[in-house]
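Student: Have a look at this one before I ask anything.
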Amino acid sequence: MSKQILKTAVLGLGRIAWLYHIPEIIKHNGFELAAVVDPLPDRRLEAAMEFKVADGYAATEEMYAAHKPDLVVVASPTSFHKFQILEAFEHKCDVFCDKPLALSLPDTDEIIAAMNKSGRKLMVYQPHRATSEAAVIKWILESGLLGKIYMIKHAISNFDRRADWQAFRKNGGGMLSNYGAHYIDQFLYLNRANFSKIFCELRSLVTSGDAEDMVKAVFTAENNAIFDLDINMATVQPLQPWFIGGNCGTAVFNQEEMSWQLKYFIPEELPEIKPQNGMAAAGRVYGTCEVIPWKTQILRQSDFSALDFYAKCYEYYAEDCPPFVPIAETREVMRVIEQCRNC
Ligand SMILES: NC(=O)c1ccc[n+]([C@@H]2O[C@H](COP(=O)([O-])OP(=O)(O)OC[C@H]3O[C@@H](n4cnc5c(N)ncnc54)[C@H](O)[C@@H]3O)[C@@H](O)[C@H]2O)c1
């Protein structure tokens, strides 16, 4: 049987479409770049020259008048996502949408209702599920070496004075929706449990806009694991990027060496400790002063492979496999973002 080729239209010719979606669509033989849409004529011309896509349109209606795509990739600014997804469903197209799915939770629910009503497929591009970084963390969690995981801390830090559309709240900007959508989703993927408690502080520090460029959030998942997230675009000193804590050990990431350092003990190798009676610490000493037979392990990030997201897309859109990013998890990301904004 010959392989189905998905005729694909890309909406938006900005950073993510140009650097990621279009090259991936061209690279994969299950997809055909049929048309692109962007209001800027220069970008359509550039796409014609760079990617040999002759069919560039200023607006989606013009594109639908000439094409019947199987798949529409929504890579326009977030404020256009809802309209363009609903429009694609009306034209009986499946949708692959860039994150975040929408501006709000009610808009998300409207999109999911339309998806269910139309019977079309919808998945959100959440690349941080597919990175080699996610693969190492998955390995660490599944190895059980650190015991029961009580906390994952992640920090993304930089000094970046944003002035583009993402610097403004009215456009769905801000680092919570931008990077936060990635890492809340990644934690959901790794931990496989929704969130039960949410704390979040948002600040606009060095941005030219009104949207936050600093996020401090602490989430508790239903399995009790804590996710501590820092997104800080106002620091020149980098924060420790990763810490994974379990009751038998910890793992941290070394940015310079691109490696993960695990330090842990084997529970069977430690003698049992008995609680002391009375209200006087024995020998006036706190702690056991025992020598722990620590084990160490270094995991090089380069020994883990990233997943091919467009291969996952093909499996879902063409071969009816389950979505790599289930829509229920996308809704949870949007619910958490909404609740963070209301903290
Ligand atoms: N998954 C990721 O890693 C990732 C990375 C970057 C951006 N994004 C997301 O992708 C989306 C686009 O972001 P970007 O950084 O590429 O933006 P960008 O500012 O670089 O580009 C936006 C493009 O969309 C075009 N555009 C504007 N209105 C349009 C419309 N109505 N229809 C079609 N195109 C329109 C603009 O002319 C521009 O070419 C956002 O939702 C963003 O959050 C995701």
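Student: So, of the residues in the range 200-217 that are of a type outside the set (A, V, I, L, M) and more than 19 Å from the chain's Cα centre (by Cα), which turns out to be nearest to the ligand (Cβ to nearest atom)?
Tutor: Selected residue: GLY209.
Student: Filter the range 82-98 down to the residues that are buried (at least 24 other Cβ atoms within 10 Å of the Cβ) and either out of contact with any Leu (no Cβ under 8 Å at 6 or more places or on another chain) or in a helix (DSSP H, G or I) (or both) and list them by number.
Tutor: ILE85, ALA88, ASP98
Student: For GLU338, are the conditions met, namely being outside any loop (DSSP other than H, G, I, E, B) and surrounded by 13 or more Cβ atoms within 10 Å (Cβ to Cβ)?
Tutor: Here the answer is yes, as GLU338 does meet what is asked.
Student: Looking at the range 205-219, which of its residues are surrounded by 22 or more Cβ atoms within 10 Å (Cβ to Cβ) and of a type in the set (Asp, Glu)?
Tutor: Of everything in the range 205-219, those that are surrounded by 22 or more Cβ atoms within 10 Å (Cβ to Cβ) and of a type in the set (Asp, Glu) turn out to be GLU212, ASP213.
Student: Under the condition of being free of Cβ contacts under 8 Å to residues at least 12 places away in the same chain and not hydroxyl-bearing (Ser, Thr, Tyr), which residue from the range 1-17 is farthest from the ligand (Cβ to nearest atom)?
Tutor: MET1
Student: Only one of LYS263, LYS274 is part of a loop (DSSP other than H, G, I, E, B) and over 30 Å from PRO23 (Cα atoms). Can you tell me which?
Tutor: Of LYS263, LYS274, the one residue that is part of a loop (DSSP other than H, G, I, E, B) and over 30 Å from PRO23 (Cα atoms) is LYS274.
Student: Now for a different question. Inspect the range 71-78 for any residue being surrounded by fewer than 22 Cβ atoms within 10 Å (Cβ to Cβ) and within 15 Å of the ligand (Cβ to nearest atom) and give the result as yes or no.
Tutor: Yes: the range 71-78 contains one or more residues that are surrounded by fewer than 22 Cβ atoms within 10 Å (Cβ to Cβ) and within 15 Å of the ligand (Cβ to nearest atom).
Student: Residues of the range 217-237 being farther than 23 Å from ALA163 by Cβ and of a type outside the set (S, T, N, Q), which ones?
Tutor: ALA217, VAL218, PHE219, ALA221, GLU222, ALA225, ILE226, PHE227, ASP228, LEU229
Student: Let me ask something additional. Can you give me the number of residues within the range 171-194 that are more than 14 Å from the ligand (Cβ to nearest atom) and either without any contact (Cβ under 8 Å) to a residue 60 or more places away in the chain or buried (at least 20 other Cβ atoms within 10 Å of the Cβ) (or both)?
Tutor: Of the residues in that region, 6 qualify.
Student: Against the condition in the same structural domain as TYR150 (by TED's automatic domain parsing), in contact with an Asp or Glu (Cβ under 7 Å, 6 or more places away or on another chain) and closer than 30 Å to ARG161 by Cα, how does VAL252 come out, does it pass?
Tutor: It is false that VAL252 is in the same structural domain as TYR150 (by TED's automatic domain parsing), in contact with an Asp or Glu (Cβ under 7 Å, 6 or more places away or on another chain) and closer than 30 Å to ARG161 by Cα.
Student: Let me ask another. Going residue by residue through the range 150-167, is there one that turns out to be aromatic (Phe, Trp, Tyr) and within 13 Å of the ligand (Cβ to nearest atom)?
Tutor: Among the residues of the range 150-167, at least one is aromatic (Phe, Trp, Tyr) and within 13 Å of the ligand (Cβ to nearest atom), which makes the answer yes.
Student: Then there's this: Go through (1) more than 21 Å from the chain's Cα centre (by Cα); (2) modelled with pLDDT of 95 or more; (3) exposed (fewer than 13 other Cβ atoms within 10 Å of the Cβ) for GLU222 and report which single condition fails.
Tutor: For GLU222, the failing item is (1).
Student: Please specify each residue of the range 298-315 satisfying the condition of being part of a helix (DSSP H, G or I) and farther than 21 Å from ILE16 by Cα.
Tutor: Residues satisfying the conditions are GLN301, SER302, ASP303, GLU315.
The values are calculated or read from the model by the stated rules, or taken from the named source; none is laboratory data. Just so it is clear, the model here is predicted, and its values are computed rather than measured. Cβ: placed from backbone, ideal geometry, glycine included. Neighbour counts: every protein chain shown.
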